[in-house]
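Here is the structure we will look at.
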There are 2 protein chains.
Amino acid sequence: MSAPEEQDPLWIDAETTVAARPADHKMELRLWLRLFSCSRLIENDIRRHLNAEFEFSLPRFDILAQLDRADEGLVLGEVSKRLMVSAGNITSLVEGLVKSGHITRTTSSGDRRAQVIRLTDKGRREFRRMAKVHSDWIAAYFERLPQKDIERLMDLLATLKDSTRQSIIARQEP
Amino acid sequence: MSAPEEQDPLWIDAETTVAARPADHKMELRLWLRLFSCSRLIENDIRRHLNAEFEFSLPRFDILAQLDRADEGLVLGEVSKRLMVSAGNITSLVEGLVKSGHITRTTSSGDRRAQVIRLTDKGRREFRRMAKVHSDWIAAYFERLPQKDIERLMDLLATLKDSTRQSIIARQEP
DNA sequence: GACGATTACTTTAGAATTAAAGTATCGAAC
DNA sequence: GTTCGATACTTTAATTCTAAAGTAATCGTC
């Protein structure tokens, strides 16, 4: 048995359907939808596997991942910025991770407003166990892209990120 | 007054911080995080503007966008697939859009399980009003990319999407 | 050292999201 | 035409997420 060939509009999604549309910034719109659908496709798959194989949620994993790279821990605001989610969201996720014993949380010595979080031994151990498999999943998504394309994508996305940021900043200033 | 230059780790985020990590599939991981952060950056900005300028939520806008391209309406399952969100989520969003008069919802004549949704006149009018500005925002994100880069990105992301789908399908089969 | 503005976080209320279980209909095989 | 599996959607429970308002600490300036 192989792929579901009988499934009628196989792999038709938001990105695909705009193709024939006669519009203004048609190309840019298509590019955005394609970018978004790639991202969503991968994100959903990671979420599914993380849940299925480790009973761990993606947002919780993401916080551990940030902390694994930060030896001195991170203040909540940093986590919020890096993951690009709202500050209020971080508060409750952190609460959960403290309760489950994956991280510790202490008030910063220099600034009593700031809360520093760090991985516990358990947190680091469990994160690394998950990260090992996680990184294999990721590699698989890109498996069929030649190394040259990967590098080219890296460059182009870096440029896009800069361009986007500039355009966001520019709009905020009159 | 210009951009916040004193802000210390300006534009440090999840994607940036993995750069120096000595790891397995380092390149692929970086690429995924870069892709994700581009997508997130744009998505968040669109959401912000849609809320601020039209008091309309992004998921609601996304459904209208699908319907604007589908003259005969769409069954809920199609919407769910195209937007890549769960079926249960669509149910309540559709409920809200019917209540606010943007769409209609009828049982499919051929299949009494299926629900077909369509734009109302009001829905189409309001969507198009928003879409006009929306498309300008999108164009601005890509403003600083040469046309050639845009085309290259389109190609590479198409390849990536295929590669990802194949890898997802492949894992589901023994 | 006392404002006032800013920053770091929390709280609140509500929307969006998912997974999983449930309901109804369809279609195909018998 | 009955039955059984698949399909289309809904419901439920829980998590994630946001915007906006609130609290407390810090910083700069006078």
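Numerical summary
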| quantity | calculated |
| --- | --- |
| Residue satisfying condition, being modelled with pLDDT of 95 or more and under 26 Å from B:R82 (Cα atoms), within set A:I46, A:I103, A:I90, A:I63 | A:I46 |
| Any pair with Cβ under 6 angstrom, 6 or more apart, that starts in the stretch B:94-117 at a residue that is aliphatic (A, V, I, L, M) and ends at one that is within 7 Å of DNA strand D (Cβ to nearest atom) and assigned to a strand (DSSP E or B) | B:A114/B:V75; B:V116/B:V75 |
| Scope the stretch A:73-125; condition within 15 Å of DNA strand D (Cβ to nearest atom), among the charged types (D, E, K, R) and not in a helix (DSSP H, G or I); matching residues | A:D111, A:R112, A:R113 |
| Residue check, B:A70 within 14 Å of another protein chain (Cβ to nearest Cβ), surrounded by 14 or more Cβ atoms within 10 Å (Cβ to Cβ) and away from DNA strand D (no atom under 16 Å from the Cβ) | no |
| Selection status of B:R129, more than 21 Å from B:N44 (Cβ to Cβ) and assigned to a helix (DSSP H, G or I) | yes |
| Of all residues in the stretch B:140-149 being in a helix (DSSP H, G or I) and buried (at least 17 other Cβ atoms within 10 Å of the Cβ), the one that is farthest from the chain's Cα centre (by Cα) | B:D149 |
| Failed condition for B:G110, given (1) at pLDDT below 95; (2) closer than 28 Å to A:N44 by Cβ | (2) |
| Test: B:L156 is modelled with pLDDT of 95 or more, within 17 Å of A:L41 (Cβ to Cβ) and open to solvent by less than 20 Å² (accessible area, probe 1.4 Å) | yes |
| Scope the stretch A:99-123; condition out of contact with any Leu (no Cβ under 7 Å at 6 or more places or on another chain), more than 10 Å from DNA strand C (Cβ to nearest atom), at negative phi and open to solvent by less than 70 Å² (accessible area, probe 1.4 Å); matching residues | A:S100, A:T104, A:T106, A:T120 |
| Any chance A:V79 is more than 11 Å from A:L119 (Cβ to Cβ), open to solvent by less than 20 Å² (accessible area, probe 1.4 Å), within 11 Å of chain B (Cβ to nearest Cβ) and within 11 Å of DNA strand C (Cβ to nearest atom) | yes |
| Selection within the stretch B:51-98 - within 12 Å of the chain's Cα centre (by Cα) and among the aliphatic types (A, V, I, L, M) | B:L58, B:I63, B:A65, B:L83, B:M84, B:V85 |
| Hits in the stretch B:1-43 - residues which are under 19 Å from B:A140 (Cα atoms), part of a loop (DSSP other than H, G, I, E, B) and at pLDDT 65 or above | none |
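The values are calculated or read from the model by the stated rules, or taken from the named source; none is laboratory data. Quick caveat, the model's predicted, so the values are computed rather than measured. Virtual Cβ from ideal backbone geometry, glycine too; neighbours counted across all protein chains shown. Accessible surface areas use protein heavy atoms only, side chains included; no ligands, DNA or RNA. Shrake-Rupley method; radii C 1.70, N 1.55, O 1.52, S 1.80 Å.
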